[in-house]
Structures are given as structure tokens and as C-alpha cells.
1. Just give me a number: lysine pairs in the chain, eight or more positions apart or cross-chain, with C-alpha atoms less than 26 Å apart.
2. Please list the helices of the chain that count as membrane-span-like by this rule: a mean Kyte-Doolittle hydropathy of at least -1.0 together with Cα atoms stretching 20 Å or more along the helix axis, each helix being a complete DSSP H run.
3. Tell me the mean residue ellipticity at 222 nm calculated for the chain from its helices only (DSSP H runs of n ≥ 4, each -39500 (n - 2.57), averaged over every residue, nearest 500).
4. Could you tell me whether region 28-186 comes out rounded, prolate or oblate from its Cα gyration tensor? Rule is a ≥ b ≥ c as square roots of the eigenvalues, rounded for a/c under 1.5, then prolate if a/b exceeds b/c, otherwise oblate.
Amino acid sequence: MPFWAWKFESSPGHQITQRRTLPNPQGPKRLTESMAIHLHTDDLPAGLDLGGTVAIDTETMGLRMERDRLCLVQLSAGDGDAHIVRVTGDHDAAPALETILGNPRILKLFHFGRFDIAVLQARFGVPVSPVYCTKIASRFARTYTDRHGLKDLVRELLGIEISKQQQSSDWGRGDLSPEQLEYAAGDVLHLHRLRDELNAMLDREGRTHLAEACFRFLPDLAKIDSSGWCDLDVFAH
Ligand code: MN
């Protein structure tokens, strides 16, 4: 049986599907035995419904927004599948993706959303709202540690080891490797369950309102960052 199964289609919005049968489930917390990665070019397929809560991550050429272009937008409905939109720059608009980003009834989940939201708002010109950030939630909920990376959260709260090996790779290449695609997908596959775990902790500690205040401010903070105040803490004395 092939490890990877590929299905090719071309033109924007169309997809390549890569399905991997994961090794034996490691304990009861394994979300799924099979994840599908749907690779799209420049937009999601029109009308794709990812539900009311969508996990989103981005990969860029680097960490400086004014210099480093957006390469990938990864999305998941929390069902174990991931949709990866490769942004080539050949198309200015991505109407299907923008519909999800700007929909006030769809909650967007991020890990360190401050960067992703700024990148997405700058690239697609829509306010990304409402949002939830697992890193902010973790900072309010997990005050017993300073380890708030995605890898740390997924390990502690879900008992899953994820690799960060492909984190700094060339996301601009046209022929992304299976390892890159799997890594990129992995960053959105666990956010729904992380949110559930973190919300329970926030509720237990009475800090939900603090996290929510930050989530509400996040789209504006991202706008402030990308308008030139990125390195300045306007709240500082
Ligand atoms: Mn990522």
C-alpha cells in the first residue's frame, strides 16, 4: 500500500490531496488514524465549508512582514484534515479564503495569532475577526511555566509529540516536499482540542475574561504592528 496517495488537479482553487495513514495510534488521545492534506493554489475551492471554528496558520519567507511574502495559509475544521493554500502571487484576490477570514460568525483559531493575523490582513485586506489565540490563552492559564510554544502545548495538554524540524524551510518553493506539507498541516490539526483544554483551565482559574479581552484586541493590535509600531509597546511607561 502506498504511503502517500496523490490526486492532481490544476488551476486556482483546485487541489492536490495527500492522504497519509499514520502509524498505530499512540494511546487514546490520538485524534485520527488518517489525515488528508488538501493542497490548493491561491484560494480555497469556492463554497468550501469548514464550519464555525477554523484553525488557521501561515508560513512566510521570514518574520519581517514588509519584506517577507506570505507563502502558505493552512486551515482545518478540526476534523483531522488540513487545507493548505499555496499563495503564488499570481492572483490578487482569494474570495473563498477571504469569506472565511472576514466572516464575523466564524471563529478563527491561531497559535501566536498576532503575526498570522497581521500577515493575512495585509495580504487580503479583510479584518480577521473574531479570533482566538492558544498562546495568549496559555499565558493566562499556564502560569506555572514559561513554555508556551505550540510543541509544548500539544505535548502537555494532548500528549502528542510534533516535530518543528521543517519550521525554517523554504516555503516559497513550488514543489513543497511531503515533509513540509505534513509539518504545515500539523500546525492547524490540534488547535481545536488545545482550545478546549485551555478554555477549561481559564474557566477554572477565573481568567476567561482576560483572555477574551486580548482576543478582541488582537485584530487591531495586528493592524498597529503592521502600520509601523511593531517594535514599540504603546502601553509602556
Ligand atoms: Mn506554522
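1. Value for the chain: 12.
2. Once both thresholds are applied, what remains is 208-224.
3. Helix-only estimate at 222 nm: -9500 deg cm²/dmol.
4. rounded
Each reported figure results from applying straightforward, stated rules to the coordinates on display, with no laboratory input. Please read all numbers here as calculations on a predicted model, not as lab measurements.
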